[in-house]
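The structure under discussion appears below in the form of structure tokens.
The values are calculated or read from the model by the stated rules, or taken from the named source; none is laboratory data. What you are looking at is a predicted structure, and each value in this text was computed from that prediction instead of being measured. With ideal geometry, Cβ positions are generated from the backbone for all residues, glycine too; neighbour counts draw on all protein chains shown. What goes into the accessible areas is simple: the full protein's heavy atoms, side chains included, and nothing from ligands, DNA or RNA. Shrake-Rupley method; radii C 1.70, N 1.55, O 1.52, S 1.80 Å.
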Amino acid sequence: PLDTVKVKRFAPCFQAPLRTARAGELPLAGCCRKRASLAPLRCQVAGFFKGMAFPLASIAVYSSVVFGVFSNTQRLLSQLRHGDAGRAPALADMALASTVAGFVSVGIGTPVDLIKIRLQMQTQPLLQVPGFPVYRGPIHCFRTVLQKEGIAGIYRGAGAMLLRDVPGYCLYFIPYAFFCGWTTPDGCISPNPSSVWLAGGVAGAISWGTATPMDVVKSRLQADGVYVNKYKGILDCILQSYQSEGLKVFFRGITVNAVRGFPMSSAMFLGYELSLKAMKRDQTETNP
């Protein structure tokens with residue numbers, strides 16, 4: 001739900017061309033508002049969960065790849081620099097591992113985000129305008145975008161996502177390691193669950209808060225193209241957004257982003273650390 005609110009705050013209102021067949025006919029946007037006001041409460045509540053199915057189905061793969069790439073890159077760098085893969089990584093190693101994880105995440109995350117945003121922006125699926133798509137679900141949305149826009153359409157906004165995720169993951173994993181070490185008592189080999197939960201939440205709030213400006217640009221680029229192609233690229237999107245709405249547009253939704261980032265990231269890191277502990281324990285019991 002918070003992600004839907006975030007996308008609605010970020011992306012401008014993209015409208016289909018006005019209908020002019022009969023005098024006095026309402027524009028599509030006005031008609032949408034009228035229909036929405038008459039919609040049952042159940043439909044209005046369901047609107048907050050639009051586009052959830054595809055991210056829910058892919059989040060396990062996405063997160064495992066990102067965390068796996070980060071941790072294995074760290075181990076590789078420690079092995080190459082110090083000859084010991086288990087050695088605590090230096091700050092430069094964590095930054096480089098975060099950068100690699102950010103690059104890899106774009107390949108998986110861009111199509112998922114595109115489909116999620118297109119479904120979230122489709123506020124009135126029952127209204128159909130000839131020549132314009134109405135997405136019936138994530139698979140239909142993926143097929144429609146692929147047919148109409150090709151692979152380039154599926155990866156629309158990838159450049160903006162890269163500029164968001166590379167620094168975003170640096171400000172995700174590095175603060176986590178710092179706060180985890182700071183809250184872990186001396187003498188403990190690994191952080192306790194409460195330390196992991198707190199450090200993960202703080203890291204998520206920092207990362208998503210600082211990523212907001214480029215997240216705004218990415219969301220606008222991915223929401224673009226349904227009815228008209230308003231933006232020519234990242235720079236054009238930044239310039240048009242600034243000229244029409246000012247500098248504050250790039251910080252729109254920063255509170256929602258930070259609030260959303262805390263519980264999401266705390267759960268992510270806690271699940272990751274507990275899973276690692278469980279697998280290591282099983283491995284020790286199997287091979288004493």
Subject >> Sole residue being at pLDDT below 95, among the hydroxyl-bearing types (Ser, Thr, Tyr) and within 29 Å of residue 155 (Cβ to Cβ), chosen from 63, 78 >> reply: 63
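Residue by residue, here is whether (1) polar (S, T, N, Q); (2) modelled with pLDDT under 90; (3) not in a helix (DSSP H, G or I) holds:
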{"site": "190", "(1), (2), (3)": "yes, yes, yes"}
{"site": "195", "(1), (2), (3)": "yes, no, no"}
{"site": "204", "(1), (2), (3)": "no, no, no"}
{"site": "236", "(1), (2), (3)": "no, no, no"}
{"site": "256", "(1), (2), (3)": "no, yes, no"}
Original post:
List the pairs whose first member sits in region 74-86 and is within 20 Å of residue 280 (Cα to Cα), whose second member is among the small types (Gly, Ala, Ser) and part of a helix (DSSP H, G or I), and whose Cβ atoms are under 7 Å apart, counting only residues at least 6 apart or on separate chains?
Top reply: 74/97; 84/78; 85/78
Subject >> Search result, residues across region 172-196 that are small (Gly, Ala, Ser) and open to solvent by 70 Å² or more (accessible area, probe 1.4 Å) >> reply: 187, 194
Original post:
Is it fair to say residue 105 is open to solvent by 10 Å² or more (accessible area, probe 1.4 Å), out of contact with any Leu (no Cβ under 7 Å at 6 or more places or on another chain) and of a type in the set (S, T, N, Q)?
Top reply: no
Original post:
Does any residue in region 197-225 that is at positive phi come within less than 9 Å, Cβ to Cβ, of a residue that is surrounded by 22 or more Cβ atoms within 10 Å (Cβ to Cβ) and among the hydrophobic types (A, V, I, L, M, F, W, C) six or more places away or on a different chain, and which pairs are these?
Top reply: 225/145
**OP:** Within region 80-94, identify whether any single residue is touching a Cys at 6+ places or on another chain (Cβ under 9 Å) and in a helix (DSSP H, G or I), and answer yes or no.
**Re:** yes
**OP:** Kindly establish whether residue 243 is surrounded by fewer than 19 Cβ atoms within 10 Å (Cβ to Cβ) and at pLDDT 90 or above.
**Re:** yes
Subject >> Selection from region 226-238 of residues that are among the hydrophobic types (A, V, I, L, M, F, W, C) and loosely packed, with under 13 Cβ neighbours inside 10 Å >> reply: 228, 235
**OP:** Consider residue 180 carefully, then state whether it is closer than 23 Å to residue 65 by Cα and without any contact (Cβ under 8 Å) to a residue 24 or more places away in the chain.
**Re:** yes
**OP:** Mind counting the residues in region 206-234 that are of a type in the set (D, E, K, R), part of a loop (DSSP other than H, G, I, E, B) and touching a Phe, Trp or Tyr at 6+ places or on another chain (Cβ under 9 Å)?
**Re:** 2
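Being open to solvent by 40 Å² or more (accessible area, probe 1.4 Å), in contact with a helix residue (DSSP H, G or I) (Cβ under 8 Å, 6 or more places away or on another chain) and of a type in the set (Lys, Arg) narrows it down to one residue among 220, 252, 260; which is it? Give the steps one after another, and end with the answer.
Numbers: 220 fails: open to solvent by 40 Å² or more (accessible area, probe 1.4 Å); 260 fails: open to solvent by 40 Å² or more (accessible area, probe 1.4 Å).
After ruling out the rest, the residue left standing is 252.
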